[in-house]
Amino acid sequence: MQEFRRMARGSGYKERLLIEKFKREINKGILQRLIESEYQPKRIKEWYERAIRLDRNIRESIREKEEKRRKIEEEEIREEKKNREGIEKSGRNEN
């Protein structure tokens with residue numbers, strides 16, 4: 001994104017051409033969400049801002065999902081360990 005913005009500043013391209021070029025360069029998932037949004041950005045600055053915001057939201061969502069998955073795995077490991085200890089303990093009590 002930063003590299004594109006630097007290139008755009010000195011390019012002399014018109015707004016519409018910059019937007020088209022930007023759309024070809026950004027992540028396709030982010031582009032799809034921007035295109036499907038109720039209010040599509042009109043100016044290049046709006047495209048930058050909304051793409052950055054979407055990127056942050058996507059990354060945060062991924063982090064939250066990974067954290068949730070990690071917690072579930074840790075809980076499953078604790079439960080498995082607890083069950084093994086219970087089986088071992090009951091086996092010793094039978095002898």
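Key figures for this structure:
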item: Checklist (1) surrounded by 10 or more Cβ atoms within 10 Å (Cβ to Cβ); (2) within 14 Å of the chain's Cα centre (by Cα) applied to K28, failing item; result: (1)
item: Hits in segment 1-37 - residues which are modelled with pLDDT under 90, part of a loop (DSSP other than H, G, I, E, B) and not aliphatic (A, V, I, L, M); result: G10, S11, G12, Y13, K14
item: Residue match in segment 52-59 (condition: outside any helix (DSSP H, G or I) and surrounded by 12 or more Cβ atoms within 10 Å (Cβ to Cβ)); result: no
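The values are calculated or read from the model by the stated rules, or taken from the named source; none is laboratory data. Computed from a predicted structure; not experimentally measured. Ideal geometry is used to build each Cβ from the backbone, glycine not excepted, and the neighbour counts take in all protein chains shown.
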